[in-house]
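Encoded as structure tokens, the structure appears first; notes follow it.
Rule-based calculations on the coordinates, nothing more; no lab input. Computed from a predicted model, the values in this text were never measured in an experiment. No Cβ is skipped: glycine too gets one built from the backbone with ideal geometry, and neighbour counts run over all protein chains shown.
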Amino acid sequence: MLKWDEKIYGVGIPELDSQHKKIFQLINDMVNHFQKGEKDEALSQAAVELARYGAEHFSYEEKILETIGFPYLESHKKLHADGKKKIREYLLKLKIGKEISYYEVLAFLQEWVEKHIGRDDARYAEFYKSIKKKNKQKASV
Ligand SMILES: [Fe+2]
Ligand SMILES: [Fe+2]
């Protein structure tokens, strides 16, 4: 289960924070289905929804990063592309019944999302904070 902690995961941009919270919730929904033994319909539907929403979030976030002038946009885009590819691979393996368990997939998803938001997204959060501060200083001169 993923637990939201504003100090670790908050990026200070409200739309992105609420999208991240929704991603946490979608993964937790999957974990819940899994724990209840609902392994087919419900779980695969939740997985599809997560993949769809995740992709939407990535491109939305990239647009915001472009707008605020985040200097590491290209490498952040690459992290998203790699993540998207891996997530798709895992979900596809499940779908075609390759040797992978839901347990492994859920562990992967939780770890990836925790790391990405807590560490990689935290980098643009820092940047955003610093430009906001600068702008405030400018305004007060
Ligand atoms: Fe994000
Ligand atoms: Fe990101």
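Contact map, the stretch 70-89: first residue more than 16 Å from Lys115 (Cβ to Cβ) and free of Cβ contacts under 8 Å to residues at least 24 places away in the same chain, second residue part of a helix (DSSP H, G or I) and acidic (Asp, Glu), Cβ cut-off under 9 Å, separation 6 or more or different chains; pairs are Leu73/Glu62; Leu73/Glu66; Lys77/Glu62. Scanning the stretch 48-85 for residues that are in contact with a Phe, Trp or Tyr (Cβ under 7 Å, 6 or more places away or on another chain) and over 25 Å from Lys129 (Cα atoms) gives Gly83, Lys84. For Phe127, the criteria (1) within 22 Å of Lys22 (Cα to Cα); (2) more than 14 Å from the chain's Cα centre (by Cα); (3) among the hydrophobic types (A, V, I, L, M, F, W, C) hold in every case but one, which is (1).
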